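I have placed the structure first, in the form of structure tokens, so that the comments after it can refer back to it.
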Amino acid sequence: MPDFSEFEDKAKQLASEHPDQVDEGLKRAGEFADQRTGGRFGDEIQQGEQRAEGYLGTSDQGGQGQDQYGQDQGQGGSY
């Protein structure tokens, strides 16, 4: 089985260099998924976006503002 840790490290590096693009991509993906599911899984989609941002290191550390679902963005936590 190939070792993908090298690709993972590169993806995280690129994400940290372009956090605005990553956030925009995740936002669009979340909006697409929300539309395709008819809004039935909004909470789950939001959690997935936040986890992806946290994993890639692009999450909003200040917790300011609101996400596309109109909810306050916190500094993370358990889901």
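The values are calculated or read from the model by the stated rules, or taken from the named source; none is laboratory data. The shown structure was predicted, so the numbers you read here are calculated from the model rather than taken from an experiment. Here the Cβ positions follow ideal geometry from the backbone for every residue, glycine too, while neighbour counts run over all protein chains shown.
The table for this structure:
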quantity: Given (1) modelled with pLDDT under 90; (2) surrounded by 12 or more Cβ atoms within 10 Å (Cβ to Cβ), number of the condition GLY77 does not satisfy; calculated: (2)
quantity: Residue list for the range 29-60, filter: in a loop (DSSP other than H, G, I, E, B) and either exposed (fewer than 12 other Cβ atoms within 10 Å of the Cβ) or modelled with pLDDT of 95 or more (or both); calculated: THR37, GLY38, GLY39, ARG40, PHE41
